Structure formats: C-alpha cells, structure tokens
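Reading through the structure tokens given below for one structure.
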Protein chains: 2
Amino acid sequence: MPIRIAIVDDRASNRNILKDKLVRHGHFKVMLIAEDGKDFLQKMQQLDQEELPAVVLMDLEMPNMDGVAAIAAGSSLYPSVKFVVLTIFDDEDKIFKAIKAGAFGYLLKDESAEDITDMLWQMYESGAGPISPGIAFKILQLVQNNNLTMVGKPAYVPQKSFFDLTEREKEILALLVQGLLYKEIGAKLNISTNTAKKHVINIYNKLHVNSRAQAMNLAYEKGLL
Amino acid sequence: MPIRIAIVDDRASNRNILKDKLVRHGHFKVMLIAEDGKDFLQKMQQLDQEELPAVVLMDLEMPNMDGVAAIAAGSSLYPSVKFVVLTIFDDEDKIFKAIKAGAFGYLLKDESAEDITDMLWQMYESGAGPISPGIAFKILQLVQNNNLTMVGKPAYVPQKSFFDLTEREKEILALLVQGLLYKEIGAKLNISTNTAKKHVINIYNKLHVNSRAQAMNLAYEKGLL
DNA sequence: ATTGTCCTTATCCGATTGGATTATAGTTAT
DNA sequence: ATAACTATAATCCAATCGGATAAGGACAAT
C-alpha cells in the first residue's frame, strides 16, 4: 500500500523534481499538487475521504497563503493528515512558527532527494516525524534557551535535585558569592573564621569545584541561591 | 587531529565496546572514562586545559550522581565541552531534563555503533549536536505541546560602561570570571603571568573592587561581558 | 544505644592573590 | 612632537585561600 502524498510548492521545478523522486521510490503515490496554501486548501476540499493524503510536503514561503498558515488551517481541518515542512529556511523563527502551527516534521531542501524519501519512508515505519539533523539541533536549542514548562511536571527543580547543600551551606555560599572574606563571613554569622572556611571547603567538595570562582559560576548559572 | 572524547557509563561492557568502536573509527581519542557522574567530575579536575575532552558521552541512569546532574554541573564548569547523552531511555521527562541541564545532543543506544560514530563525526563537521531521529521528533512534540516563549534578546542596552575597560581588559575579565589562574590567562593570551596579573589589578582599580569575587559580581550583575 | 549528619573550632602548609612600584615600547590624541 | 594612554614585563611582600586533618557537641534516625 503506497503512502499518499501531497506536494505544496510555488516553484514548478521543485514540484516536478520532488514528484519524480517520490514515484520512482515506488512506495509513494502523489495525490495532490498545489502551488500555494490557498490552492492547497481548495484542492483538499475536492478530495474524497479515501483520497486524502497521509502526508503533505509543505514549502514555507509562498504567495497567497504561506506554509505556516496552511499548516495551521490544514492541521485543524484534517487532523489525520501529517504536515511535513520541506523548505530551504532553517532560521529559528520559521522553525518555531511551523511547529507551533502543527508541523509533524521539518526537512531541509539541501537534503538529497534520496535522504528525503528515506526519511519519509522511515516516518511511515516508525511513526515519528521526519526531521533533518540540523533542524533537530535547533529545536533542541529552542527548548534549552526558552521557558518551556513540562505540563504536569514540577518543571526544573535545580537546587534540590542536583547538589544537596545544607541550609547553612547555602547561607554561606550566598555570602561567599558576594565576595566576602572568610573573616567577614564568620563575623556576619557569628561563627569563627575557621568554621566559615570549613563550610566553604565542604561546599567546594559537594559542588566538585576547587575555587571560589568556579563555585560562583555554578551558583549563578544553576541558580543555587 | 582526533576528536577528544570522554565516556561516562556505569556498565563496564558498555564503556569498553564504545571505546573500541570509537578508536577503531580512527578520528577519536578517548581521554577519560568514568563510571558515574561523581567519578567523571573528579577525573575532569585532574586534566589540563589541553587534555579536556571536546565531547562527553554521558549515560543517564548511574549511581552516585546521574547523568543529568553531571551535565548540569559539567556544562557550567566546562562551557567549551559538549555533553551528549547516550542512553536507552527515550521518555520525554528524561529528554527534557537532560536538555535543560545543558545537553548538546541525545543519542539512543539502540542506534548501531556505526551510526553513533557517524553522527559524532558529523557533529564535528557541521557543528550541530547529534540527535537520534526518534528523539528529535519527541523534542518537536515538546515544543508543540508546551508553553514555549520565543525570547529574542531583551535588548538590554549595554550602558556603554561607567567603567571603561579596554578591549584587552574585557578579554581578561572574561577569563578571570571563568576562574582561570593568572598563569592560565597568560598562557591563553600568550602574555606573561605578570602581565595578566597587572591587567587584573588595573581592572580592579577601574571597577573599584579588590577581589576576584567582587569583580565577578559586577560582571554578572552589570552584564559587563 | 549507636550510627549518621551537621555545625562548630582549630592548626599547618603550600599555592595563589592583591598591592605597590618601576620600566619599556607602541599607539592615539592634540 | 609631545603628551597621554595602552599593553607588556618584572619584583617584593603580606594577606588570603585551598587542602588535609582532627575533634567535640547537637540532634535525628535506626
């Protein structure tokens, strides 16, 4: 049973080359070809249920209605259809918008035609959306650098889970980071200089660091305070 | 020039097989092997700057200190080192935590050894973190299903510095903040230890501070870097 | 009752830092 | 062209820091 495919791209040459590669592979059947988002949605309306494509390969920059808008509309109207972006653009903004619109995969056109058909086929076998390696890494960075909250999960509990400093040690770390001398830490907490120092050494051991500067780096970057 | 690699896994057989595959590939040099997070951080401390691994292959479930904690600590202490998860776990929670901790890539152990070495090599050539296809799709779903906010830089007008450090001084401040010794700063910039020190003293005078810790505070809080 | 953890104090020692000072060469400004 | 600034380099010295080690008391958990 071949995989039913739709192709949406404003450049005729792209459409033809891609269609060629897909049919040559043998496992794909191109059901629909459109040259922009509007065209795509109109042609989709004219299809019967069993003619609906399983996968839509969607370019992004197109006249009339661009790929993001088409995906947003299409993924609502046809929930069973997988929308896979196929474009030359790899900037974070477009990736993000396409995913949010409901993209199931994201492939780059500089991928070889063989790789593209392979990844589409693999998608069919594994059920996972096809994603070009470079794009995958950019998505990872999106997660890394942004405020993403795991639904249902308490979302990132750094100080408890990673390093278990005692309350006293956190207190001393806070002062240490402010640049106080052992002497000053002791004075502030009414303990001896030596005690303050002992705490600091213990903190270093727990954090696996061996200088104040490294401890400060961890404290700042992992929010230990 | 071979890629310097570290392996962290609690199972000896995993470590050995992986090391074998890597050295056989020819482009990798295994610098460090550890059996858990704690062991890893300790051994890292004993390495010189030029012995630091470029890539750390990190298992997730380990005794003493798990991979997420090790990545969290390690990515702060060694910003230049890339941490790549290599595990059998593919549940969203672990993926999410690992990425948030600073993972640069995420590979599954059911990948063939050839694929793993290939992806590592490709990482070296493209600069993008290696990610197993199935994992890439799950990350995409993370973005799709959660509240992610695109943060462009909040601009944060860089105050044109009340403290006008020279370019050289900013350069040295950056290294100073990373916790390098005068000796190491000198080596990195090809100047003498004494010169490095002299610059640091000048910086302190301009910032009106008199310790590394205080300078770090200013640097972090005023965004001098 | 005993183990374990945390907080406290202390000493010794080598390594590192911070301060003061001097000096030369290259660049920029006026 | 001359002054001012910057980057480079060195030495001396006192203070501080990091590491190892020891040990007593408080308190909780078993």
From B:P53, B:P79, residue being under 18 Å from B:A128 (Cα atoms) and buried (at least 19 other Cβ atoms within 10 Å of the Cβ) = B:P53
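Listed here are the residues, each with its yes/no results for (1) at pLDDT 90 or above; (2) more than 10 Å from DNA strand D (Cβ to nearest atom); (3) more than 10 Å from every other protein chain (Cβ to nearest Cβ); (4) over 19 Å from B:V209 (Cβ atoms).
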{"residue": "A:I172", "(1), (2), (3), (4)": "yes, yes, yes, yes"}
{"residue": "A:T195", "(1), (2), (3), (4)": "yes, no, yes, yes"}
{"residue": "A:V200", "(1), (2), (3), (4)": "yes, no, yes, yes"}
{"residue": "A:V209", "(1), (2), (3), (4)": "no, no, no, yes"}
{"residue": "A:A219", "(1), (2), (3), (4)": "no, yes, no, no"}
Working only within region A:177-193, note down all residues that are away from chain B (no Cβ under 12 Å) and more than 9 Å from DNA strand D (Cβ to nearest atom).
-> A:G186, A:A187, A:K188, A:L189, A:N190, A:I191, A:S192
What is the number of the single condition among (1) in a loop (DSSP other than H, G, I, E, B); (2) within 12 Å of chain A (Cβ to nearest Cβ); (3) surrounded by 15 or more Cβ atoms within 10 Å (Cβ to Cβ) that B:N64 does not meet?
-> (3)
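Listed here are the residues, each with its yes/no results for (1) farther than 16 Å from B:I99 by Cβ; (2) within 20 Å of the chain's Cα centre (by Cα).
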| position | (1), (2) |
| --- | --- |
| B:K19 | yes, no |
| B:A34 | yes, yes |
| B:E50 | yes, yes |
| B:V56 | no, yes |
If you go through region B:37-44 one residue at a time, do you hit one that is more than 15 Å from the chain's Cα centre (by Cα), among the basic types (K, R) and under 25 Å from A:N145 (Cα atoms)?
-> no
Of the residues B:I95, B:I17, B:I71, which single one is in contact with a helix residue (DSSP H, G or I) (Cβ under 9 Å, 6 or more places away or on another chain) and surrounded by fewer than 18 Cβ atoms within 10 Å (Cβ to Cβ)?
-> B:I17
Which one of these is more than 22 Å from B:S80 (Cβ to Cβ), within 8 Å of DNA strand C (Cβ to nearest atom) and of a type in the set (F, W, Y): B:Y204, B:Y182?
-> B:Y204
Test result for B:S80, at pLDDT 90 or above and of a type outside the set (A, V, I, L, M) = no
Across region B:1-28, the tally of residues that are modelled with pLDDT of 90 or more and closer than 30 Å to B:Y182 by Cβ stands at 2
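Name the residues in region A:177-203 that are buried (at least 19 other Cβ atoms within 10 Å of the Cβ) and touching a His at 6+ places or on another chain (Cβ under 9 Å), would you?
A:I185
Residue by residue, here is whether (1) closer than 29 Å to A:A98 by Cα; (2) out of contact with any Asp or Glu (no Cβ under 8 Å at 6 or more places or on another chain); (3) within 10 Å of chain A (Cβ to nearest Cβ) holds:
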position	(1), (2), (3)
B:G74	no, yes, yes
B:V81	no, yes, no
B:D91	yes, yes, no
B:K100	yes, yes, yes
B:L107	yes, yes, no
B:A113	no, yes, no
B:I135	yes, no, yes
B:V143	yes, yes, yes
B:N146	yes, yes, yes
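The values are calculated or read from the model by the stated rules, or taken from the named source; none is laboratory data. These numbers were taken from a predicted model, which means no experiment stands behind them. With ideal geometry, Cβ positions are generated from the backbone for all residues, glycine too; neighbour counts draw on all protein chains shown.
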